[in-house]
Amino acid sequence: MQTKIKEYRAKLNLTQEQLADLVGVRRETIVFLEQGKYNPSLKLAHDVAKILKTSIDNLFIF
């Protein structure tokens with residue numbers, strides 16, 4: 001799986017730590033998501049997309 005989380009996060013000038021705090025997960029979870037090493041739950045994917053002001057389809061490439 002590939003993601004565009006890092007790209008969208010950078011557009012909003014958010015650090016991994018800030019995004020993690022907003023979503024309610026550890027920074028390591030964001031790192032693994034960005035690296036495509038972690039398949040998020042639908043809720044987590046929705047929460048990340050909402051904070052990054054985009055859709056799940058734009059963030060995750062399966």
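Values in this text are rule-based calculations from the coordinates and carry no lab data. All values derive from a computational prediction rather than experimental measurement. Neighbour counts are summed over all protein chains in view; Cβ atoms, including those assigned to glycine, are modelled from backbone coordinates with ideal geometry.
Once the chain from S41 to K11 is taken as fully extended at 0.36 nm per residue, the excess over their C-alpha distance is 8.4 nm. Taking a point 7 Å from the Cα of K50 along the Cα-to-Cβ direction, the residues of the range 20-42 with backbone N closer than 13 Å to it are 22-24, 42.
Relative contact order, whole percent, for the chain stands at 46, derived from Cα pairs under 8 Å and 6 or more residues apart.
Restricting the calculation to Cα atoms, every distinct pair contributes to the Kirkwood radius of the range 2-53, found to be 10.7 Å. Taking other residues whose beta carbon is less than 11 angstrom from the beta carbon of E34, and scoring Lys, Arg as +1 and Asp, Glu as -1, yields +3. About the Cα centre of the range 2-53, what is the dipole size in debye to 20, counting +1 per Lys and Arg Cβ and -1 per Asp and Glu Cβ, all else neutral? About 140 debye.
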